[in-house]
Amino acid sequence: MLNRREALKSLVIGGATTFFSPNVLLASTAKKKDKLGIALVGLGYYSTDLLAPALQMTEKCYLAGIVTGTPEKAEKWKQKYNIPDKNIYNYQNFDTIANNPDIDIVYIVLPPSMHKEYVIRAAKAGKHVFCEKPMAPSVNDCLAMIKVCKDNKVNLAIGYRCQHDPNTQEYMRIGKEKMYGKVRMVSCGAGYFDARTTHWKQNKALGGGVMGDMGVYALQGARLATGEEPIAVTAQSSTTRPEIYKEVEETMMFQLQFPSGALAACHTSFGINMNYLQVNYEKGWLKMEPFSGYSGNKGSHSNGIIEFPLKNQQARQMDEDCLALINSTQLIAPGEEGLRDIRVVEAIYQAAKNGGTVKI
Ligand code: NAD
């Protein structure tokens with residue numbers, strides 16, 4: 001039997017994702033669908049302002065159902081999006097979604113500490129799962145989430161919308177094809193000023209802290225630009241508003257070492273507006289600003305510009321993930337990709353707490 005470290009290594013190094021055909025799930029609907037029904041779980045900011053509007057533009061999926069603990073929200077969404085009563089659930093009766101053929105995918109949009117429970121319940125209900133980033137507060141949670149989806153033969157995709165953006169794919173391509181030689185140094189910053197004072201992002205038990213939130217974008221910037229996994233980290237955390245950030249960090253700086261010798265310096269904060277990625281290669285440079293916005297990511301490099309138009313990032317993400325489910329092809333960002341980040345996030349927290357370098 002593999003111990004935890006070996007199990008993790010096989011997932012991370014192996015890279016391959018088992019892909020389960022949606023036909024297993026859709027058996028009850030007799031014929032293969034070409035448009036999948038999504039139920040959003042948690043109707044907060046991201047579901048309300050971004051995902052539901054995007055689901056009005058998607059071609060391969062639609063907003064089929066909702067799961068909410070607030071009856072007033074259920075009523076409002078029902079009217080606005082014409083959702084039938086039979087597709088509206090609360091957190092108590094959520095598991096009966098197993099019997100609902102309208103729902104093919106459950107999309108978890110809750111605070112990070114709740115992701116594991118709802119991914120497990122969705123997988124056990126036989127539904128494919130989309131889960132927002134950060135995948136979970138711990139590597140152990142991520143491993144449990146991947147396992148339950150495998151055990152129940154459903155697929156798990158993480159909501160890394162940027163990986164579906166052609167502007168991100170272009171800077172990934174430049175690194176991968178070594179257009180300017182090897183990557184030597186990456187600088188990446190992702191942050192915004194959060195004026196809220198009592199949100200889950202400031203609550204440790206709910207999975208708050210800037211590192212899991214905006215920090216994973218900066219980490220993704222470094223991982224995707226180099227195309228490598230970090231082997232060692234150092235990190236420093238700070239808080240300028242200790243009356244608000246009592247339990248979690250407001251700002252984190254972290255430095256990554258990659259196997260090729262590339263280095264990355266990353267910054268993330270709930271107190272500073274920033275969104276940029278800079279890459280220095282052996283024979284050239286690249287700068288994206290913004291690099292992880294909802295729209296208008298753009299940049300330039302030694303020999304050109306990056307500015308692909310994109311109608312709606314979240315619509316593209318959900319359409320591409322649904323197409324992968326329909327055609328039984330690889331997901332762009334499966335659970336294993338979420339795990340890769342959380343593995344580094346854990347090392348960053350350890351480095352920030354104890355000082356020194358933490359090897360991964
Ligand atoms: P939010 O606080 O606006 O919404 C959270 C929802 O969870 C609310 O509807 C709330 O009622 C519900 N909830 C249920 N139990 C709760 C509890 N015990 N405490 C707090 N809320 C509870 O948060 P959000 O900004 O919508 O974030 C939700 C998820 O989406 C997070 O994982 C976040 O990181 C992610 N997100 C992703 C992006 C992106 O660009 N991919 C952007 C924003 C948020």
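The values are calculated or read from the model by the stated rules, or taken from the named source; none is laboratory data. None of the values given here were measured: they were computed from a predicted structure. In this analysis, Cβ positions are derived from the backbone assuming ideal geometry, glycine residues included, and neighbour counts consider all displayed protein chains. For the accessible areas, the whole protein counts, side chains as well, though only heavy atoms, and no ligand, DNA or RNA atoms are used. Shrake-Rupley method; radii C 1.70, N 1.55, O 1.52, S 1.80 Å.
Values computed for the structure shown
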| item | result |
| --- | --- |
| In Hz, Karplus ³J(HN,Hα) per residue of segment 50-59 (6.51, -1.76, 1.60; θ = phi - 60°; x = Gly, Pro) | 10, 6, 4, x, 5, 5, 7, 10, 6, 10 |
| Alpha carbon centroid spacing (whole Å) that separates segment 70-85 from segment 290-314 | 35 |
| Rg/Rh for segment 91-156, where both radii come from Cα atoms and Rh is the Kirkwood radius | 0.94 |
| Rg/Rg_ref, segment 204-360, where Rg_ref = 2.2 N^0.38 Å and atoms are Cα | 1.13 |
| nm² value of the averaged projected area, convex hull over the Cα atoms of segment 64-126 | 4.1 |
| Filtered GluC sites (Glu not before Pro), segment 162-267: DSSP coil and at most 14 other beta carbons within 10 Å | Glu177, Glu243, Glu247 |
| Reduced Cα scattering model of segment 153-197, Debye log10 I(q)/I(0), q = 0.19, 0.31 Å⁻¹ | -0.85, -1.12 |
| Accessible area of Ser302 in the full protein assembly, 1.4 Å probe (Å², nearest 10) | 50 |
| FRET efficiency estimate (nearest 0.05) - Cβ-Cβ, Lys311 to Tyr45, R0 22 angstrom | 0.55 |
| For segment 156-248: span of alpha carbons on each principal axis (Å, largest first) | 47, 29, 24 |
| Ala205/Ser302 FRET efficiency (R0 35 Å; Cβ-Cβ; nearest 0.05) | 0.15 |
| Equivalent ellipsoid semi-axes - Cα gyration tensor, segment 293-334, angstrom | 27, 13, 8 |
| Kirkwood hydrodynamic radius of segment 29-92, from inverse mean 1/r over distinct Cα pairs, in Å | 12.2 |
| Helix axis angle, 335-354 relative to the chain longest principal axis, alpha carbon, degrees | 50 |
| Whole-percent carbon and sulfur share, accessible surface of segment 139-236, 1.4 Å | 55 |
| Solvent-accessible area per residue, Å², over segment 238-360 with all protein chains present [probe radius 1.4 Å] | 45 |
| The chain: mean projected area of Cα convex hull, nm² | 17.9 |
| Taking all pairs of distinct alpha-carbon atoms in segment 64-196, Kirkwood radius in angstrom | 17.4 |
| Amide proton proximity set for Thr58, modelled H, under 5 Å, gap of 5+ | none |
| Residues of segment 120-146 with amide N under 18 Å of a point placed 7 Å along Cα→Cβ from Asn354 | 138-140 |
| Restraint check, Lys33/Lys78; Lys35/Lys298; Lys35/Lys127; Lys32/Lys153, Cα-Cα greater than 20 Å | Lys33/Lys78; Lys35/Lys298 |
| 3J(HN,Hα) from dihedral phi, segment 123-134, Karplus parametrisation 6.51/-1.76/1.60, rounded to Hz, x for glycine, proline | 5, 5, 7, x, 9, 5, 10, 9, 10, 5, 7, x |
| Helix-only [θ]222 nm of the chain, DSSP H runs n ≥ 4, -39500 (n - 2.57) each, per residue, nearest 500 | -9500 deg cm²/dmol |
| Angstrom value of the Kirkwood radius, inverse mean 1/r, which spans all Cα pairs in segment 262-311 | 12.2 |
| Whole-Hz ³J(HN,Hα) from phi, Karplus 6.51 cos²θ - 1.76 cosθ + 1.60, for segment 266-277, glycine and proline x | 10, 9, 8, 7, 9, x, 9, 7, 7, 7, 8, 9 |
| Between helix 166-176 and the chain: long-axis angle, C-alpha atoms, 0 to 90°, nearest 10 | 50 |
| Loop-located GluC sites (Glu not before Pro) in segment 284-356 whose Cβ has at most 16 other Cβ within 10 Å (DSSP) | Glu307 |
| Rounded to 10°, Cα long-axis angle of helix 215-226 versus longest principal axis of the chain | 70 |
| List Met274, Met145, ordered by accessible area with a 1.4 Å probe, largest first | Met274, Met145 |
